[in-house]
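Here the structure comes first, spelled out in structure tokens, and everything after it is commentary.
The values are calculated or read from the model by the stated rules, or taken from the named source; none is laboratory data. Keep in mind it's a predicted model, so treat the numbers as computed, not measured. So basically every Cβ, Gly included, is an ideal-geometry build from the backbone, and we count neighbours across all protein chains shown.
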Amino acid sequence: MTDVPGLPGPAGVRLGTATGRAIVLAAVLGSGMTMLDGTVVNVALHTIGEDLGASLAQLQWITNGYLLSLSSFILLGGSLGDRFGRRRVFVVGTVWFAIASLLCGLAPDPEVLIAARVLQGLGAALLTPGSLAMIQGAFVREDRAKAIGAWTGLGGIASAIGPFVGGALVQYADWRWIFLINLPLAAVTVVVAQRAVPETLDPHAPRELDLGGAVCAALALGGLTYALISWGGAAAYVALLVAVLGAAAYLVDERRSDHPMLPLGIFADRTFSAANAMTLVVYAALGAVLFFLVLQLQTVSGYGALEAGMSTLPITICMLLLASRGGELATRIGPRIPMTLGPLVMAAGTLLLLRVGEDVSYWTDVLPGLTVFGLGLALMVAPLTATVLAAAPDEHAGIASGVNNAVARAGSLLAVAALPVAVGLTGEEYADPHAFDAAYGDAIVVCAVLLAAGGVISWLTIRTPAVPVVARDG
């Protein structure tokens, strides 16, 4: 890694300095913006559907359009940061995200909103890996764990206020404000980053960019997502063929390219591959649980947007208060046990959410399940992300962060695309309390099985010694 003349050297910043605090602040503001956006969109889906006359498939695409472009291009975003500078790409991504958020807020129909969400995901693909890579690349090794811990704790505030802010805006103002609120946040983020954050990059990064690989990844994920959402029609089989060809072309491109977007050799590390496999199934369940639960509370239980949003706060509170403890535990005993028990505890919490129905009591039917779920998530997240980063060389910080984030987003993307169809939800049935209630129970059981599978994968594959405290961005 290298630096820009006149600024602190690479991996030489201390946390207690003004520069160190500025790096953490910029990373928190940027990643917090994406966390806030991810939280509030789920809360607003029911209202957006009613206001714009959207079908269930269109609601899925409002979520999945963002996840698709984010997961497809986040590796390219990491490569761009390593090549041209983490701060520079982070700032570009923040501005892009803000412009796309404006388009989302002005969207007159579901089609325009979906397109704007795809653009928003592209901005997040530039922004997300940079928020962690700036810290990984700028701080001295002994301060990285503390810096990332501070980033995690402060970033958790965005998740904590997201349900309240999003629910209040949807219920008492207009759902469009959940996107427009990103504009002032982005402005502050850019000012802090430009004025105070040192630039770091990888001098050994390829001079050319693997745009072909990014396009192939987008075709593979996009085709598979479309096939899952529209399963049963002729178009679904065509989309599935596109997905298979795109995936094959991606692998060929990465193997033959002199400048691959994703050096496939990084997966030779058994721990890196196993941790990402576990990430895929666990975050598939996480994304599906939140998608179905918030709609269940509004469609079946009669919650308003604010109540539905606030109901998920126990997960965030657990993360805010306990995520660093999960990392400390992994430092002492290694990541295997926390990464095994975490998903199993989450599975237990998920099964408790089967009690959510028409006659629901928050204190007995919702709170216990979400609290148990949050405890498991707090136990797992820091050891998981730390294990992934520790298994990759420092010069590939942006790529390693991008891979793990891409896998997490892809898991959520595919689950939200596949599960509604798998449990019998199509067309306008998301607004029918009886149809949705029946499908909800089946979906929750599937999510619990996925989480249990994640715990088993960790127990069988993770053997790494203790790693520093790290936590995921969003």
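Results, tabulated for the structure shown:
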item	result
Every residue from the range 79-114 that is closer than 18 Å to TRP61 by Cβ and buried (at least 19 other Cβ atoms within 10 Å of the Cβ)	ALA100, SER101, CYS104, GLY105, ALA107, PRO110, LEU113, ILE114
Top-ranked residue of the range 207-219 - restricted to ones that are among the aliphatic types (A, V, I, L, M) and either without any contact (Cβ under 8 Å) to a residue 12 or more places away in the chain or within 8 Å of GLY246 (Cβ to Cβ) (or both), ranked as surrounded by the most Cβ atoms within 10 Å (Cβ to Cβ)	ALA217
Number of the condition not met by PHE267 [criteria: (1) in the same structural domain as ILE457 (by TED's automatic domain parsing); (2) of a type in the set (A, V, I, L, M, F, W, C); (3) assigned to a loop (DSSP other than H, G, I, E, B)]	(3)
Residue count for the range 220-236, restricted to those that are farther than 18 Å from PRO420 by Cβ and either surrounded by fewer than 20 Cβ atoms within 10 Å (Cβ to Cβ) or in contact with a Ser or Thr (Cβ under 6 Å, 6 or more places away or on another chain) (or both)	1
Some residue of the range 230-242 being in a helix (DSSP H, G or I), over 21 Å from GLY65 (Cα atoms), modelled with pLDDT of 85 or more and of a type outside the set (Asp, Glu)	no
Unique match (being aliphatic (A, V, I, L, M) and in contact with an Asp or Glu (Cβ under 7 Å, 6 or more places away or on another chain)) among LEU201, LEU211	LEU201
Unmet requirement for SER101, which otherwise passes all of (1) touching a residue at least 60 places away in the same chain (Cβ under 8 Å); (2) over 19 Å from LEU68 (Cβ atoms); (3) in a helix (DSSP H, G or I)	(2)
Criterion (of a type in the set (A, V, I, L, M), at pLDDT below 85 and over 19 Å from the mean Cα position of the chain (by Cα)) met by exactly one of LEU425, LEU460	LEU425
Hits in the range 237-280 (condition: of a type in the set (Asp, Glu) and either surrounded by 14 or more Cβ atoms within 10 Å (Cβ to Cβ) or free of Cβ contacts under 8 Å to residues at least 12 places away in the same chain (or both))	ASP253, GLU254, ASP269
Count of the range 255-270 residues which are in contact with a Ser or Thr (Cβ under 8 Å, 6 or more places away or on another chain) and within 18 Å of ALA218 (Cα to Cα)	1
Options LEU379, LEU389: the member that is modelled with pLDDT under 95, closer than 30 Å to ALA133 by Cα, among the aliphatic types (A, V, I, L, M) and in contact with a Gly (Cβ under 9 Å, 6 or more places away or on another chain)	LEU379
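Let's see how each residue does on (1) in a loop (DSSP other than H, G, I, E, B); (2) among the acidic types (Asp, Glu); (3) out of contact with any Leu (no Cβ under 9 Å at 6 or more places or on another chain); (4) at pLDDT below 80:
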position: THR128; (1), (2), (3), (4): no, no, no, no
position: MET134; (1), (2), (3), (4): no, no, yes, no
position: GLY137; (1), (2), (3), (4): no, no, no, yes
position: ALA145; (1), (2), (3), (4): no, no, yes, yes
